[in-house]
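S.K.: Sharing a structure with you now.
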Amino acid sequence: MTHKSEKNWSGDPAELLRAGEGFVLSGVDPDETPGYSEGKDAAAEDLAIGVDDLDELQERLFAQSRTDASDASVLLLLQAMDSAGKGGVIRHVVGSVDPQGVMLTAFKKPTPEELEHDFLWRVQKHAPQPGYIGVFDRSQYEDVLIGKVRSLAPAEEIERRYDAINVFEKQLTDAGTRIVKVMLHISYAEQGERLMERLDRPDKHWKYNPGDIDERARWPHYMDAYQTVFERTSTDHAPWFVVPANRKWYSRLAVQQLLLGALREIDPQWPSATFDVAAEKKRLAAT
């Protein structure tokens, strides 16, 4: 069945954007719009159409978990280099549904307490509850990206973490969580332009972090670290999707479609009434 928000797609984004066997990050052009031949204006219309579908599916997911003891949930995990548009995706895609059904966690630098535990300790606590869409703004993958690039842990510990992440994600999916792992992929040049815009505009200064330049200097090392992440952790139960993100309108639309796809796979249903509807109508009419 083709949905209205899919009419301008030539293929399934979940297939077009998946980092499967043999995937090479350097072969992805951040300017491209895989599977979508229309432009910015059509994308805005399709995004608006998708909002209605996403809103209903999220409400059905939440309602189903309240009465049918459903374990289903969704986890949208967003990773990217600085300024790639994670905030925009959260605002324009996830922000279109009822916030009561969303669990958003932004992972920052680990606190002293978090550093006293295994790297997954702080992440496990924020796994989405049944009926919710969980969103990770950065995630456990920071510990095999920054951790590797900046040598914050020994090489053997980094190696252990890949396997630990796979086990953790398998536990989540076995428990009923659909995981949508997205890397928003921008080019080095595009990042430079976006960072410069933050410096040019006083209303954007709050977004700028001088440390972004330090990380930018390590760009090739981060691309290598991401490639290893895809090779080691893009699994059948929790595949990675690499979304070209130089065009913000495309990346938002693509992530929306990936999220819609996960919800449609769950196919949440409105729960049946646990009371006699006809009898309650009579009681209400009598008041």
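S.K.: Being touching a Pro at 6+ places or on another chain (Cβ under 7 Å), over 26 Å from Lys170 (Cα atoms) and buried (at least 16 other Cβ atoms within 10 Å of the Cβ) is the requirement here; does Gly50 meet it?
M.R.: For Gly50, the condition - touching a Pro at 6+ places or on another chain (Cβ under 7 Å), over 26 Å from Lys170 (Cα atoms) and buried (at least 16 other Cβ atoms within 10 Å of the Cβ) - is not met.
S.K.: Would you pick out the residues in region 1-24 that are among the hydroxyl-bearing types (Ser, Thr, Tyr) and surrounded by 12 or more Cβ atoms within 10 Å (Cβ to Cβ)?
M.R.: Selection gives Ser5 alone.
S.K.: Go through the residues of region 214-233 one by one and say whether even a single one is hydrophobic (A, V, I, L, M, F, W, C) and over 24 Å from Val149 (Cβ atoms).
M.R.: Looking for residues that are hydrophobic (A, V, I, L, M, F, W, C) and over 24 Å from Val149 (Cβ atoms), one finds none in region 214-233, hence no.
S.K.: Could you list, in sequence order, all residues of region 143-167 that are of a type in the set (A, V, I, L, M, F, W, C), in contact with a helix residue (DSSP H, G or I) (Cβ under 7 Å, 6 or more places away or on another chain) and either open to solvent by less than 90 Å² (accessible area, probe 1.4 Å) or at positive phi (or both)?
M.R.: Result: Val144, Leu145, Val149, Ala153, Ile158, Ile165.
S.K.: Another question about this same structure. Quick one: Ala189 ticks every box in (1) farther than 26 Å from Glu116 by Cβ; (2) open to solvent by less than 30 Å² (accessible area, probe 1.4 Å) bar one, so which box is it?
M.R.: (2)
S.K.: Filter region 249-287 down to the residues that are surrounded by fewer than 11 Cβ atoms within 10 Å (Cβ to Cβ) and polar (S, T, N, Q), then identify the one that is farthest from Ser65 (Cα to Cα).
M.R.: Within region 249-287, the match that is farthest from Ser65 (Cα to Cα) is Thr287.
S.K.: Would you list the helices (runs of 4 or more DSSP H) that sit entirely within region 1-113 and hold 2 or more residues that are closer than 21 Å to Gln269 by Cβ and at pLDDT 95 or above?
M.R.: Qualifying helices (runs of 4 or more DSSP H): 40-67.
S.K.: Here's something else I'd like to know. Restricting attention to region 162-189, which residues are over 21 Å from Val229 (Cβ atoms) and assigned to a helix (DSSP H, G or I)?
M.R.: Listed by number, the residues that qualify are Asp174, Ala189.
The values are calculated or read from the model by the stated rules, or taken from the named source; none is laboratory data. Just so it is clear, the model here is predicted, and its values are computed rather than measured. Neighbour counts are summed over all protein chains in view; Cβ atoms, including those assigned to glycine, are modelled from backbone coordinates with ideal geometry. We work out accessible area using only protein heavy atoms, side chains counted, and drop any ligands, DNA or RNA first. Shrake-Rupley method; radii C 1.70, N 1.55, O 1.52, S 1.80 Å.
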